[in-house]
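Here's the structure we're looking at; comments come further down.
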Amino acid sequence: MKKIIWSWFLPITLSLILFVVIRPALAQTVDPIHPDTVGVESVDGYSQVYYEEGGSRKFITSGNINSKMPVLAGKYITYVTDINGLGQVFLYDLTADVRTQLTFIGNNLNPKVDDKGRVTWEGWQDPNTTWQIFFFDGLSTKQLTTGDTSLNPDFSGDYISYGRRDITDTWRAVVYSIKDGKSVDVTTGENARNPKIKNGDIYLAAGSLVEEKFSLTVDDLFLLNLTPISDSTESSNIESVNTVLEELNATPSGVVEVPIATESGNNSL
């Protein structure tokens, strides 16, 4: 009789244990988190980062320290936490409930993230230089720029856009291809300070200026070997650009790298 009882009791007990252990993981897989938005709210005098889902708000930071600049993409949130007076970039995985600190030195701000968990931001990590653009590919971090002040990074697919201020104090819009590991200057002028890419199109703006669509797409930039176009010559070059594109359709050309400028431009912001 005891053998019969144990033969039933042990499998049932084991099943209950497995159900308790595995059920949360299964629930997480079946019903993943889909935040509607992210934001910052003051809690006990300190700004904290939260996300909202279905009207419910959950904080992902806490303590006597300020966190800010949250950005959401898919299951990832990137944000900045002030540590010893300097901004450090973090990446939070909603599904795994895992937080990763990406920076440890200097001042790092304005992070952007994509749905693959890749992050780009502007950082001043060397006191002898100025703001530069950094990129975390999910495994390691590399510095994309050197020399000139570079700001306002933004993500779109496998491209990162940012503004670069050269030694003549002129802003240049730049697009970096993650896939090719190359950067191309787009145009110059005040509206080149904060370039963005939307569905392959390039938009230029600065401050309160209205966004303007650039005449070339990101694919055009990396397919053609083009030099930067200034504000004064952009309209006159549209016709020649169209001519080049027509010729390109007949005889495709290779991609030629336009290296990131390395002039010494330690301008203050």
Expected vector for the stretch 72-85, Karplus 3J(HN,Hα) from phi with 6.51, -1.76, 1.60 and θ = phi - 60°, integer Hz, x for Gly and Pro, equals 10, 8, x, 9, 10, 10, 10, 7, 10, 10, 7, 10, 6, x
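Please list, by residue number, every one of the GluC sites (Glu not before Pro) in the stretch 142-213 that is coil in DSSP and has at most 15 other beta-carbon atoms within 10 Å.
Details: sites: Glu190, Glu211, Glu212; in loops: Glu211.
Here the sparse-neighbourhood loop sites are Glu211.
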From the backbone phi of the stretch 138-151, what are the Karplus-calculated ³J(HN,Hα) couplings (6.51 cos²θ - 1.76 cosθ + 1.60, θ = phi - 60°) in whole Hz, Gly and Pro given as x? x, 10, 9, 10, 9, 8, 8, 10, 9, x, 4, 4, 10, 9
Long-range amide H partners of Thr103, meaning residues 5 or more apart or on another chain whose placed amide H is closer than 5 Å, are Val89
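The numbers here are math on the coordinates, done by the rules we state, and not lab data. Just so it is clear, the model here is predicted, and its values are computed rather than measured. Every residue, glycine as well, gets a Cβ built from its backbone with ideal geometry; the counts of neighbours run over all protein chains shown.
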